[in-house]
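> First the structure, which I've put down as structure tokens, then a few questions once you've had a look.
The values are calculated or read from the model by the stated rules, or taken from the named source; none is laboratory data. Every value quoted in this text rests on a predicted model; they were computed, and no experiment measured them. Note that each Cβ is placed from the backbone with ideal geometry, even for glycine, and that neighbours are counted across all protein chains shown. Surface areas here come from the heavy atoms of the whole protein model, side chains and all, with no ligands, DNA or RNA. Shrake-Rupley method; radii C 1.70, N 1.55, O 1.52, S 1.80 Å.
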Amino acid sequence: MAVNARVNSRAGFAAAVPMLFLLAVSVLAPRPATAQQALTVDQVRTCLCEQQAMTVLRQRVDTAKATYDERTQREQRLSQQIEQMQSSIGPNDLSAQDQLRELLDLRGRVSRDRMQTALPAWQQAARNLDFVVQDYNANCLKPMYKMDVEQAQANLSCPAVP
């Protein structure tokens with residue numbers, strides 16, 4: 001009888017292992033995320049306007065960066081011209097020395113414009129875009145019903161992008 005009891009206890013243990021495994025998995029498994037509330041028509045409208053604003057602001061960032069890049073390239077070209085002129089200028093060539101001074105002054109103006117105007121404009125454009133993107137990500141990455149989007153798009157009037 002002791003042999004029978006040992007066999008029955010092994011069989012019971014073997015049957016219990018899968019059940020224990022399922023119980024452990026169900027306790028340790030992550031819970032499904034709660035369903036997000038869909039956006040209202042007004043919220044969808046706001047998000048659509050933010051999408052339009054992001055398009056405008058991306059264009060402004062691109063334009064400001066292009067201006068900065070153009071100033072940088074112009075400054076580099078002037079530096080190359082200055083180096084070439086310095087290597088070929090004679091000590092008694094007053095006309096060339098005047099041209100060199102003019103090039104140095106021009107490069108200084110271009111450099112100041114790049115650093116004091118073009119760079120801050122590019123940085124500000126990027127900050128403006130970043131602000132709208134962060135707001136959009138925080139408020140608009142939620143479910144939207146197609147009929148709400150269609151209703152929001154009808155007669156959509158967005159404020160001008162500052």
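> At a 1.4 Å probe radius, which order do LYS146, LYS65 fall into by accessible area, largest first?
Values: LYS146 150, LYS65 80 Å².
The residues order as LYS146, LYS65, largest area first.
> How big is the C-alpha Rg of segment 121-162 next to the rule-of-thumb value 2.2 N^0.38 Å, as a ratio? List each step's numbers first, then the result.
Values: Rg = 13.7 Å, N = 42, 2.2 N^0.38 = 9.1 Å.
Relative to the 2.2 N^0.38 Å estimate, segment 121-162 comes out at 1.50.
> Pop out the Kirkwood hydrodynamic radius of segment 50-115 from its pairwise C-alpha distances, inverse of mean 1/r, in Å to one decimal. Display every interim value, and only then the final one.
Details: mean 1/r = 0.0718 Å⁻¹.
So the Kirkwood estimate lands at 13.9 Å.
> Quick one: if you stick a label point 7 Å off each Cα along the C-beta vector at VAL133 and ARG101, how many nm between them?
Inter-label distance under the simple model: 4.8 nm.
> If you count only protein heavy atoms and use a 1.4 Å probe, how large is the accessible surface of GLU70, to the nearest 10 Å²?
Spelled out: GLU70, probe radius 1.4 Å, area about 70 Å².
> Rounded to the nearest 10 Å², what accessible area does THR63 have for a 1.4 Å probe in the complete protein model?
90 Å²
> Turning to a different aspect of this structure: On the Cα set of segment 25-160, report Rg and Dmax in Å, please.
Rg and Dmax of segment 25-160, Cα atoms, are 26.8, 91 Å.
> Here is a follow-up. How big is the dipole moment of segment 26-162 about its Cα centre under a simple scheme where the beta carbon of each Lys and Arg is +1, that of each Asp and Glu is -1, and everything else is neutral? Debye, nearest 20, please.
Details: 16 positive and 16 negative charges, 68 e Å.
Charge dipole, segment 26-162, about its Cα centre: 320 debye, nearest 20.
> With a 1.4 Å probe and all protein chains kept in place, how much accessible area does MET115 have, in Å² rounded to the nearest 10?
90 Å²
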